[in-house]
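Asks: Quick one: the structure is below, questions incoming.
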């Protein structure tokens, strides 16, 4: 998808690094975005080499997140991910570190992080990893 978006908010949640059996890695985080009376909690994910951008952030830091919207279909269900690729702000040090609890999880569904929607191959019978 060619469109990129930006949101600015306060870091509220910084999840541990997730490593899947295939070696694929991702890390999720949530920022709070002011929206009048009801602030919005928006979850993003960073994958592969972009994960290191979260090493210098701490809960409470103001972040500007540049991201793409990714979507896919798996077994008749549709999923949307906000794939962060640039994170500015933070620098508070001591935030999160490498995370990760060493547990290996199942691989994500085929094409979950592929931005191509014209995949003609049939999905495998693997269970969804979440």
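Okay, residues lined up against (1) within 13 Å of residue 59 (Cβ to Cβ); (2) without any contact (Cβ under 8 Å) to a residue 24 or more places away in the chain; (3) out of contact with any helix residue (DSSP H, G or I) (no Cβ under 8 Å at 6 or more places or on another chain); (4) surrounded by fewer than 13 Cβ atoms within 10 Å (Cβ to Cβ):
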{"position": "3", "(1), (2), (3), (4)": "no, no, yes, yes"}
{"position": "9", "(1), (2), (3), (4)": "yes, no, yes, no"}
{"position": "13", "(1), (2), (3), (4)": "yes, no, yes, yes"}
{"position": "23", "(1), (2), (3), (4)": "no, yes, yes, yes"}
{"position": "29", "(1), (2), (3), (4)": "yes, no, no, no"}
{"position": "32", "(1), (2), (3), (4)": "yes, yes, yes, no"}
{"position": "37", "(1), (2), (3), (4)": "no, yes, yes, yes"}
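Asks: From the list 65, 46, which one is part of a strand (DSSP E or B), under 17 Å from residue 88 (Cβ atoms) and touching a helix residue (DSSP H, G or I) at 6+ places or on another chain (Cβ under 8 Å)?
Replies: 46
Asks: What's the number of the only condition in (1) modelled with pLDDT of 60 or more; (2) closer than 14 Å to residue 28 by Cβ that residue 68 fails to meet?
Replies: Exception for residue 68: condition (2).
The values are calculated or read from the model by the stated rules, or taken from the named source; none is laboratory data. These numbers were taken from a predicted model, which means no experiment stands behind them. Positions of Cβ are generated from backbone atoms using ideal geometry, with glycine treated the same way; all protein chains shown enter the neighbour counts.
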